[in-house]
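So the structure is just underneath, and the comments pick up after that.
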Amino acid sequence: MSGKPKLHYFNGRGRMESIRWLLAAAGVEVCLYGSLLFQQVPMVEIDGMKMVQSRAIGNYIAMKYNLYGKDLKERALIDMYVEAVIDLNELLMTHILQPADKKEQHFATIVDKATNRYFPVYEKVLKDHGQDFLVGNQFSRADVQLLETLLMAEECKPDILAKFPLLQSFKARISNIPTIKKFLQPGSQRKPPLQEKDLPKVMKIFH
Amino acid sequence: MSGKPRLTYLNGRGRMEPVRWLLAAHSRLVFSTDGVLMFQQVPLVEIDGMKMVQTRAILSYIAGKYNLYGKDLKERALIDMYVEGITDLMEMILMFPFSPPEAKEKNLDSINDRAINRYFPVFEKVLKQHGQDFLVGNKFSWADVQLIEAILAVEEKIPAVLSGFPQLQAFKIRMSNMPTIKKFLQPGSRRKPPPDERYIETVLKIFKK
């Protein structure tokens, strides 16, 4: 088990999911460890460090496995794209936590932000350079995080990509990358979305 | 105006303040400011031919460019962890002025609690354990800038907050005396004052979409 990163989190997506995606994309095998040991999670034991803070962890993995662009400027672009995706992810993830009377409005907000603020940016990026990947004509963390978010958005509203042909082909293309394809199959580290019935358990963990 | 990073934001601290701090910490940098909101999204920094949004992306770029990001991947990882932790605390301070009057006392207690029980102890311990002047790699980095900014911001609200943290007190004095930071802390610098009534009104009006 030595050498493999060890992930500490509860058995759900939450703030660890993006990290699972990134490690999977890089073809890195992880040590399974479902329990919550420490005050702060996500926590990843990697290369002799106990890392907390999902962004710090994501940065480290991306750099280590060459998913962070070839220079500072590419890294800047990747950072911008990733940060925006994180904002949208946050909206998607908190949907299930909304009280019943706020759910419909929250859903409308998600759809509005996704289709009017975020998706158009990425659609345009892909259109402008016509390349397969978001940055530097090379697979990077930005592609991984965007795919993750596109799939989560579709879970929320299946036809949400209807007006974004380039994002649709991006989705198909990135999903077919061998490491990603493997991650999308049953039996991988990928977690399913949180179900209503699991909510009480999760709330208890975080309180 | 070419060559100088250009900052677009409101005329207040908000999410741009860490960027002002980081740019100021690097000596040779002078930046021009623009009070007008040009785009849907702020903060916006025009730098090296890019129009950058997303505070973290901007800060990462500046730190990387000006050698404030450690010497290798592991130092970078430490800096990232420290910065992210501090950012969580700063977020509470950022939001504080906008909390309703009846919630203000409770929120202030939360800030105090997080500062003295969760975040400051970590940095106190780091400094004590390695005994060096700076948080990471015995060299001035983004983490140090972020921490001094946070310490001063919390002290504005809770003046005695550092009373149980001798290492942080010494750190604060040390950082405040670094020439670039010392200059930034003097009147007339790009540093913005704490939010006042007028700023709060402006923000609420603009962001009430």
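The values are calculated or read from the model by the stated rules, or taken from the named source; none is laboratory data. This is a predicted model, so every value here is computed, not measured. Virtual Cβ from ideal backbone geometry, glycine too; neighbours counted across all protein chains shown. Calculation scope for accessible area: heavy atoms of the full protein, side chains included, ligands and nucleic acids excluded. Shrake-Rupley method; radii C 1.70, N 1.55, O 1.52, S 1.80 Å.
Residues in the stretch B:77-92 that are within 9 Å of chain A (Cβ to nearest Cβ), of a type in the set (Asp, Glu) and open to solvent by 30 Å² or more (accessible area, probe 1.4 Å): B:Asp88 alone.
Output the number of the condition that A:Leu97 fails; it satisfies all remaining conditions of (1) at pLDDT 90 or above; (2) open to solvent by 20 Å² or more (accessible area, probe 1.4 Å). Result: A:Leu97 passes all but (1).
From the list A:Leu92, A:Leu67, the lone residue that is part of a helix (DSSP H, G or I), away from chain B (no Cβ under 11 Å) and under 15 Å from the mean Cα position of the chain (by Cα) is A:Leu92. Based on this model, can you work out whether A:Asp159 counts as surrounded by 10 or more Cβ atoms within 10 Å (Cβ to Cβ), within 20 Å of A:His106 (Cβ to Cβ) and not aliphatic (A, V, I, L, M)? The answer is no for A:Asp159. Residues in the stretch A:167-207 that are surrounded by fewer than 17 Cβ atoms within 10 Å (Cβ to Cβ), more than 19 Å from A:Arg20 (Cβ to Cβ) and either hydrophobic (A, V, I, L, M, F, W, C) or modelled with pLDDT under 85 (or both): A:Ala172, A:Glu196, A:Lys197, A:Leu199, A:Pro200, A:Lys201, A:Met203, A:Lys204, A:His207. The residues of the stretch A:55-70 that are free of Cβ contacts under 8 Å to residues at least 40 places away in the same chain and either aliphatic (A, V, I, L, M) or in contact with a Gly (Cβ under 6 Å, 6 or more places away or on another chain) (or both), listed by number, are A:Ala56, A:Ile57, A:Met63. Screening A:Ala76 with (1) touching a residue at least 12 places away in the same chain (Cβ under 8 Å); (2) over 14 Å from the mean Cα position of the chain (by Cα) gives one miss only, at (1). If the condition is being in a loop (DSSP other than H, G, I, E, B) and open to solvent by less than 40 Å² (accessible area, probe 1.4 Å), then the stretch B:40-55 contributes B:Val42, B:Pro43, B:Gln54.
One line per residue, one yes/no per condition, for (1) within 30 Å of A:Val30 (Cα to Cα); (2) part of a helix (DSSP H, G or I); (3) within 14 Å of chain B (Cβ to nearest Cβ):
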{"residue": "A:Ile78", "(1), (2), (3)": "yes, yes, yes"}
{"residue": "A:Val85", "(1), (2), (3)": "yes, yes, yes"}
{"residue": "A:Ile110", "(1), (2), (3)": "no, yes, no"}
{"residue": "A:Glu123", "(1), (2), (3)": "no, yes, no"}
{"residue": "A:Asn137", "(1), (2), (3)": "yes, no, no"}
{"residue": "A:Arg173", "(1), (2), (3)": "yes, yes, no"}
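Number of residues in the stretch A:100-135 that are open to solvent by less than 40 Å² (accessible area, probe 1.4 Å) and either within 16 Å of A:Tyr81 (Cβ to Cβ) or charged (D, E, K, R) (or both): the value is 9.
Name the residue that is modelled with the highest pLDDT, counting only residues in the stretch A:12-41 that are over 15 Å from the mean Cα position of the chain (by Cα) and within 20 Å of B:Arg118 (Cβ to Cβ). Among those that are over 15 Å from the mean Cα position of the chain (by Cα) and within 20 Å of B:Arg118 (Cβ to Cβ), it is A:Val41. Here is a check on your reading of the model: is B:Phe207 among the aromatic types (Phe, Trp, Tyr), at pLDDT below 95 and either open to solvent by less than 80 Å² (accessible area, probe 1.4 Å) or more than 19 Å from B:Ala25 (Cα to Cα) (or both)? Considered against the rule, which asks whether it is among the aromatic types (Phe, Trp, Tyr), at pLDDT below 95 and either open to solvent by less than 80 Å² (accessible area, probe 1.4 Å) or more than 19 Å from B:Ala25 (Cα to Cα) (or both), B:Phe207 comes out as yes. Scanning the stretch A:42-52 finds one or more residues that are within 10 Å of chain B (Cβ to nearest Cβ), modelled with pLDDT of 85 or more, in contact with a helix residue (DSSP H, G or I) (Cβ under 8 Å, 6 or more places away or on another chain) and part of a loop (DSSP other than H, G, I, E, B).
Table: residues versus (1) surrounded by 14 or more Cβ atoms within 10 Å (Cβ to Cβ); (2) part of a helix (DSSP H, G or I).
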{"position": "B:Ala57", "(1), (2)": "yes, yes"}
{"position": "B:Lys71", "(1), (2)": "no, no"}
{"position": "B:Glu75", "(1), (2)": "yes, yes"}
{"position": "B:Leu94", "(1), (2)": "yes, yes"}
{"position": "B:Asp109", "(1), (2)": "no, yes"}
{"position": "B:Lys139", "(1), (2)": "yes, no"}
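Within the bounds of the stretch B:62-78, is there any residue that is out of contact with any Leu (no Cβ under 8 Å at 6 or more places or on another chain), of a type in the set (Gly, Ala, Ser), modelled with pLDDT under 95 and farther than 16 Å from B:Trp21 by Cα? Checked against the condition, which is being out of contact with any Leu (no Cβ under 8 Å at 6 or more places or on another chain), of a type in the set (Gly, Ala, Ser), modelled with pLDDT under 95 and farther than 16 Å from B:Trp21 by Cα, the stretch B:62-78 yields no hits at all. Exactly one residue out of B:Glu124, B:Glu155 is over 18 Å from B:Leu22 (Cβ atoms) and open to solvent by 30 Å² or more (accessible area, probe 1.4 Å): that is B:Glu155.
Evaluating B:Arg114 against the criteria (1) touching a Lys or Arg at 6+ places or on another chain (Cβ under 8 Å); (2) within 14 Å of chain A (Cβ to nearest Cβ) leaves one unmet condition, (1).
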